[in-house]
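Trainee: Here's a structure for you.
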Amino acid sequence: MNRITIKLLIAFLLSSFSLFVHAQKVVRYDLYVRDTLVNFTGKTKRAIAVNGQIPMPTLTFTEGDMAEIHVHNEMDEETSLHWHGLFLPNKEDGVPFLTQMPIKPHSTHVYKFPIIQNGTHWYHSHTGMQEQIGMYGSMILNKKEESNIPTIPLILSEWTDENPDNVHRLLHNASDWFGIKKGSTQSYAEAIKEGYFKTKLLNEWKRMAAMDVSDVYYDKFLINGKQTSQLGKYKAGDKVRLRISNGGASTYFWLTYAGGKITVVANDGNDVEPVEVDRLIIAVSETYDVIVTIPEDNASFEFLATAEDRTKSASLFLGEGNKKNATPLPKLKYFEGMKMMNDMMKMNGDLDDMGMNMSMNQMDMNVVMYPEITGGGAKDDANKYNSNALSDIVTLNYAMLKSPNKTTLPQDAPVKELKFELTGNMNRYVWSLNNKVVSETDKILIKKGENVRITLYNGSMMRHPMHLHGHDFRILNGQGEHAPLKNVLDIMPMETDTIEFNANAEGDWFFHCHILYHMMSGMGRVFSYKDQAPNPLIPNPKYALRKLNADDKRFHFMAENDFATNGSDGMAMLANTRWSIGTEWRLGYHDAHGYEVETHLGRYIGKMQWLMPFVGFDWRYRKMDAQHQSGGGHSEQNLFGQTNTKDKRGVFSLGVEYVLPMLVKAQAEVFNDGIFRIQFERMDIPVSKRFRMGLMWNTDKEYMLGLKYILKKNVGVGVHYDSDMSYGFGMILNY
């Protein structure tokens, strides 16, 4: 053995020993998860925090460390923590009932895994709605040798004073309260005022509700838990690296900087070739590393995070001195968006891309609503939806992202191809893949070593950030061997994208939309490796699967009652993804007006869920005095010449409900006594921002016309005329 060989051997042994020693370095964090009270808006509300801190502490590791995280659950409810974007053993992934059982109240669970990657990541609860109320934090995985640019972890989030379970319920019940709060109701009065009456009419003819770019109204938006903050001690020419995670439950953020260009250097924890832009939108759960420059002394420059719906924003000022504000983003032109929807929605609810090549966010369907891009009106040309072609403002899209290293998958591996259409029903708030929610599907089996290629088509009018646990995937964006690696794909309406990854792990991995309320409604799948060993943290897999599937099977309740001068009428409904049980009542103040209760149990059918067969029961009672009988006695004839009675009747029925154009609900129903009835009804016609009109007519010659003014979320006043009970005015309460 010659001298050179010996030196090389010694160097190799020393290097190996160094790696071994470093791998043994355990970095421990203790997270004491507690209920706390916060006051972001003048109201004291419940939140979840570690030692009262929102967001939770930034966890920092170096590649090669062993992470040991002790989660002390000091709450009276179960919890969990998921390490978003990390490669780790499946049992450490933190998805309750899939990779572990929930962390019980007043118990401790230890997560332990090696840090085998670097980049900007974050962590959050995967239990219920806990992420919405504070259970999230930044997670920074440093390279062994990082650049000496000052680095600031930023986590973006939102806050609602609403209980998030109630937010979810309101979304499922098609409440337009959030639209009222955001100023996005797009009523007929607003449409007429802005010259879009025909657009509004066609919109409802195609059975679409008002256009919106986000689901929820939020009271505050936050950067590192604050609406506004400042970091000084920078001088002209200094560069600052912002490591940004979007920890919002459902908010996309526009990122802009008062000091000039933004240089994007990493996405989802993976380096990309630097690209300069004027702005970018960060999807729910995405991470970006960007570099900004302090352009001058004696000034501080705003880094502005604006919610996609442009209702509010949060700011970080960099530098010391006079504040230089970023240009605020103007209010969206919602009726232009509505017009775009009309062009692209077919009468059957499918989307028509009109021959456009939709991929990699290059075509932004919302651009028609951006005044800063389109000016006074959207341009009708080949680049109508291409923001970079329409404006001097450079907006990041995925086609601009390029990995500095080759990312090709093993060429000799077998390929498993999957195709998913992102489907949903905005009115009923059901979100799915291929029109099936998680509980309606089996786990998708994949084999270790194969390449999994997934084609995704967004057939809904909402954008969806699709996240894969435990893996990075390549997005095929035209960069060939240097396609970027990501773990979240933001996919625009009508867009088709292809992602691929090598199956190089074991266990069960969640693939889901990261908008919290979409995920909880069922928009996801589970990838399961074949021939995997049992997970020691899931002692009863059948029970765990039932609990996992319970989220999207959950029933949501709603009720409304009008306490009017001529009687009381109302409804209550309990519904989930497919099933609905609803009851309506009309209660007079005296026997001559009568009493009636109708109950229907039905199941929604079809991708758009416009059709619902049902079984029902109808009970009526009325006692006519001599004055009321003079007009023809107790019996009445319907439009088909059948003799009907309202005096005392209890009958079962079979029927079907179908949503017609103009969002009118049509019911055809046959009762066990042979009576047949057809009814048309719509109760939520948006006359103005707060006025709603209701109409009903049926073949029993009953009809109703009403007008409601919405005072608060659960309170309104109304006036109506009912063919059985005449005129009435009163207060309307809803839940």
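Every number here is computed from the coordinates shown, using simple stated rules; none is lab data. Remember, it's a predicted structure, so these values are computed and weren't measured experimentally. Glycine gets a Cβ as well: all are built from the backbone with ideal geometry, and neighbour counts include every protein chain shown.
Trainee: Exceeding 32 Å between C-alpha atoms, which entries from my cross-link table qualify? They are LYS206/LYS402; LYS333/LYS443; LYS226/LYS419; LYS665/LYS713.
Mentor: Check vs 32 Å cut-off fails for LYS206/LYS402; LYS333/LYS443; LYS226/LYS419.
Trainee: For the pair LYS648 and LYS331, what calculated FRET efficiency results from E = 1/(1 + (r/R0)^6), where r is the Cβ-Cβ distance and R0 = 60 Å, to the nearest 0.05? Working shown, then result.
Mentor: Working: r = 57 Å, r/R0 = 0.95.
For R0 = 60 Å, the calculated efficiency reads 0.60.
Trainee: Using the crude model of +1 on Lys and Arg Cβ and -1 on Asp and Glu Cβ, and no other charge, please compute the dipole size for the chain relative to its Cα centre, in debye to 20.
Mentor: With only Lys, Arg, Asp and Glu charged at Cβ, the dipole is about 540 debye.
Trainee: Find how much the distance from THR565 to ALA666 grows on full extension, using 0.36 nm per residue of separation minus their present alpha carbon separation; answer in nm with one decimal.
Mentor: Length gained between THR565 and ALA666: 33.5 nm.
Trainee: Of the options LEU601, VAL615, ILE393, report the single residue whose Cα projects farthest towards the positive end of the charge dipole of the chain (beta-carbon charges: Lys, Arg +1; Asp, Glu -1).
Mentor: ILE393
Trainee: What value does segment 182-339 have for Rg/Rh, both radii from Cα atoms and Rh as Kirkwood defines it?
Mentor: Rg/Rh for segment 182-339 comes to 1.07.
Trainee: Given segment 556-734 reduced to its alpha-carbon atoms as identical point scatterers, what log10 I(q)/I(0) does the Debye formula return at q = 0.15 Å⁻¹?
Mentor: -0.96
Trainee: Considering the values (i) 26.6, 77; (ii) 28.9, 122; (iii) 35.0, 128, which represents Rg and Dmax of the Cα atoms in Å as calculated for the structure under consideration?
Mentor: Structure-derived value, by its label: (ii).
Trainee: Here is a further query. Segment 502-549 to segment 190-263: how many Å between their Cα centroids?
Mentor: Each part's Cα centre sits 32 Å from the other's.
Trainee: Right, another one. Kindly flag which residue pairs out of LYS45/LYS104; LYS331/LYS384; LYS339/LYS436; LYS623/LYS701 have an alpha-carbon separation exceeding 21 Å in this structure.
Mentor: LYS45/LYS104; LYS339/LYS436, as the Cα separations exceed 21 Å there.
Trainee: Ok, one more. Enumerate the residues in segment 264-283 having an amide nitrogen under 16 Å from the point lying 7 Å beyond the Cα of LEU231 toward its Cβ.
Mentor: Residues 264-266 qualify, since their backbone N sits under 16 Å from the label point.
Trainee: Between ARG554 and GLN411, 0.36 nm times their residue separation minus their Cα-Cα distance comes to what?
Mentor: Length gained, ARG554 through GLN411: 47.1 nm.
Trainee: Nearest 5 percent is fine: what portion of the DSSP beta bridges confined to the chain is antiparallel?
Mentor: About 85 percent, rounded to the nearest 5.
Trainee: So what is the 222 nm mean residue ellipticity for the chain from helices alone, if each DSSP H run of at least 4 adds -39500 (n - 2.57) and you divide by all residues, rounding to the nearest 500 deg cm²/dmol?
Mentor: Details: 11 runs with 91 residues, N = 735.
Taken over the chain, the calculation gives -3500 deg cm²/dmol.
Trainee: Also, quick follow-up: Once the Cβ-Cβ distance between THR455 and ILE581 is put in as r, and R0 is 30 Å, what FRET efficiency do you end up with, to the nearest 0.05?
Mentor: 0.20
Trainee: What is the sum of charges around LYS25, taking Lys and Arg as +1, Asp and Glu as -1, for the other residues whose C-beta is under 14 Å from the C-beta of LYS25? Working shown, then result.
Mentor: On the way: positive: ARG28, LYS112, LYS144; negative: GLU63, ASP65, GLU68.
That works out to 0.
Trainee: Another question, if that's okay. Which value, in debye to the nearest 20, describes the size of the charge dipole of segment 620-735 about its Cα centre when Lys and Arg Cβ atoms bear +1, Asp and Glu Cβ atoms bear -1, and nothing else is charged?
Mentor: Taking the Cα centre of segment 620-735 as origin, the dipole is about 580 debye.
Trainee: In straight Cα distance, which lysines are under 21 Å from LYS233, not counting same-chain residues fewer than 8 positions off?
Mentor: LYS261, LYS323, LYS324
Trainee: While we're looking at this one, here's another question. How many angstrom separate the Cα center of segment 288-317 from the Cα center of segment 388-456?
Mentor: If we compute the Cα centre of each part, the gap is 30 Å.
Trainee: Which listed residue (ILE732, ILE48, ASN325) has the Cα farthest towards the positive end of the charge dipole for the chain, taking +1 on Lys and Arg C-beta and -1 on Asp and Glu C-beta about the Cα centre?
Mentor: The listed residue farthest towards the positive side: ILE48.
Trainee: Can you give me the distance in nm between label points at ILE444 and GLU273, each placed 7 Å from the Cα along the Cα-to-Cβ direction?
Mentor: 3.0 nm
Trainee: Can you give me the three principal axis dimensions of segment 439-485 from its C-alpha atoms, in Å, biggest first?
Mentor: 37, 34, 16
Trainee: Among TYR288, LEU663, ASN458, which residue has its Cα furthest toward the positive end of the charge dipole of the chain, with +1 on Lys/Arg Cβ and -1 on Asp/Glu Cβ?
Mentor: The one lying farthest along the dipole's positive direction is TYR288.
Trainee: Something else about it: Going by alpha carbons, how many degrees (0 to 90, nearest 10) lie between the helix axis of 334-344 and the longest principal axis of the chain?
Mentor: Relative to the chain, helix 334-344 is tipped by roughly 90 degrees.
Trainee: While we're looking at this one, here's another question. Restricting to segment 21-143, what percent of DSSP beta bridges are antiparallel, rounded to 5?
Mentor: 65 percent
Trainee: Okay, next question. Can you list the trypsin sites (Lys or Arg not before Pro) in segment 141-239 that are in a DSSP coil and have 13 or fewer other beta carbons within 10 angstrom?
Mentor: Loop-located and lightly packed - LYS143, LYS144, LYS233, LYS235.
Trainee: Further question: So, R0 is 41 Å and r is the distance between the beta-carbons of TYR621 and ARG46; what FRET efficiency does that work out to, to 0.05?
Mentor: Efficiency, rounded to the nearest 0.05: 0.35.
Trainee: Just flag the trypsin sites (Lys or Arg not before Pro) in segment 350-445 sitting in loop per DSSP whose Cβ has no more than 13 other Cβ atoms within 10 Å.
Mentor: Values: sites: LYS379, LYS384, LYS402, LYS406, LYS416, LYS419, ARG428, LYS436, LYS443; in loops: LYS379, LYS384, LYS402, LYS406, ARG428, LYS443.
Here the sparse-neighbourhood loop sites are LYS406.
Trainee: Report the percentage of all Cα-Cα pairs in segment 21-143 whose separation exceeds 22 Å, rounded to a whole percent.
Mentor: More than 22 Å apart: 32 percent of the Cα pairs in segment 21-143.
Trainee: Would you mind computing, in nm to one decimal, how far apart the modelled labels at ASN322 and SER391 are, each placed 7 Å from Cα along Cα→Cβ?
Mentor: Modelled inter-label distance: 2.7 nm.
Trainee: What distance in nm separates the two pseudo spin-label positions at ASP30 and THR60, each 7 Å out from Cα along the beta-carbon direction?
Mentor: A separation of 2.1 nm, rounded to one decimal place.
Trainee: Stretched out fully, how many nm does the piece from LYS181 to ASP591 gain, at 0.36 nm a residue minus the Cα gap? All intermediate terms of the calculation are to be shown ahead of the outcome.
Mentor: Details: separation 410, 0.36 × 410 = 147.60 nm, distance 4.16 nm.
That works out to 143.4 nm of additional length.
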